[in-house]
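Colleague: Pasting in a structure now, in structure tokens, and then I'll have a few things to ask.
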Amino acid sequence: MRYESLIFDIDGTLWDSRALVAEGYNIQLEKEGLSHLAVNAEMFLPLFGKVMTEIADIIFPSIPAPERYALMERCMDTENKHLQENECRIGYPGVRETMEALSEQHRLFIVSNSQKGYPELCMEKLGLTDLIGGHLCFGDTGTSKGKTIRALMEKYHITDCAYIGDTQGDYEATLEAEVPFIWAAYGFGTPDGYDHKIDSFDDLLTF
């Protein structure tokens, strides 16, 4: 693989956390007497990859803004706690081993549309903390994933990289950031285009 650095999405690329995320949300919703707004893993399938405010608009449309965004923040805090307390055996096969091998020739990073703390949780639970050179998320920048990718590139002086993700939103982010896109076809989405395709995570080793 010719890229000096590789930047990874999380959901649908490194792991599938939808069921645990839904459980975390529902714990908070029940606590607030809002069980009628309960979510499930399937609801998140087309939503992962969107920024948090967009997801809130879709799953909590009956809650007026800005209250829905405050509710979303509380749900995400509970989600983080639920993930922290869970073993999180939700990583795709071969992630740790593949990342370890990749780290011998590439710098590795993460960019996600998630809340603060989520990338660190993923790294911790999948045993990647020692392999990831840096990360940024929507919670850090409050802007689009494309701009967040560019911010990470500037922060870590990255000039040659590709982004690995799974959704249309990821593809659009790479167009905005002007970096190549490697489509994780085992993930959640079917983007309009890509530069490379992998059918399993360890396919990254066969470039």
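Colleague: Take the range 182-207 and flag every residue that is in a loop (DSSP other than H, G, I, E, B) and either of a type in the set (Lys, Arg) or in contact (Cβ under 8 Å) with a residue 60 or more places away in the chain (or both).
Modeller: The answer is 186, 187, 188, 189, 200, 207.
Colleague: If you don't mind, another one. Spot the failing condition for residue 54; the list is (1) surrounded by fewer than 20 Cβ atoms within 10 Å (Cβ to Cβ); (2) in contact with a Cys (Cβ under 9 Å, 6 or more places away or on another chain); (3) free of Cβ contacts under 8 Å to residues at least 60 places away in the same chain; (4) not aromatic (Phe, Trp, Tyr), and only one is missed.
Modeller: (2)
Colleague: Hey, among 98, 78, which residue is in a helix (DSSP H, G or I), open to solvent by 10 Å² or more (accessible area, probe 1.4 Å) and among the polar types (S, T, N, Q)?
Modeller: 78
Colleague: Taking interchain pairs and intrachain pairs at least six residues apart, which have beta carbon atoms under 8 angstrom, with the first residue in the range 82-111 and more than 15 Å from residue 134 (Cα to Cα) and the second of a type in the set (Asp, Glu)?
Modeller: So the pair list comes out as 82/23; 90/16; 92/16; 93/202; 94/202; 97/202; 98/202.
Colleague: Moving on to the next point. In the range 57-76, what residues are under 19 Å from residue 42 (Cβ atoms), without any contact (Cβ under 8 Å) to a residue 40 or more places away in the chain and not aliphatic (A, V, I, L, M)?
Modeller: Across the range 57-76, the qualifying residues are 57, 60, 61.
Colleague: Follow-up. If I filter the range 169-207 down to residues being aromatic (Phe, Trp, Tyr) and open to solvent by 70 Å² or more (accessible area, probe 1.4 Å), which single residue comes out as nearest to residue 17 (Cα to Cα)?
Modeller: Of everything passing the filter in the range 169-207, 194 is nearest to residue 17 (Cα to Cα).
Colleague: Taking residue 140 as meeting all but one of (1) under 15 Å from the mean Cα position of the chain (by Cα); (2) open to solvent by 10 Å² or more (accessible area, probe 1.4 Å); (3) under 22 Å from residue 167 (Cα atoms); (4) touching a residue at least 40 places away in the same chain (Cβ under 8 Å), write down the number of the exception.
Modeller: (4) is the only condition that residue 140 fails.
The values are calculated or read from the model by the stated rules, or taken from the named source; none is laboratory data. Everything numeric in this text was worked out from a predicted model, so none of it was measured. Here the Cβ is made from the backbone with ideal geometry for all residues, glycine too, and neighbour counts use every protein chain on show. Surface accessibility is based on the protein's heavy atoms, side chains included, excluding ligands, DNA and RNA. Shrake-Rupley method; radii C 1.70, N 1.55, O 1.52, S 1.80 Å.
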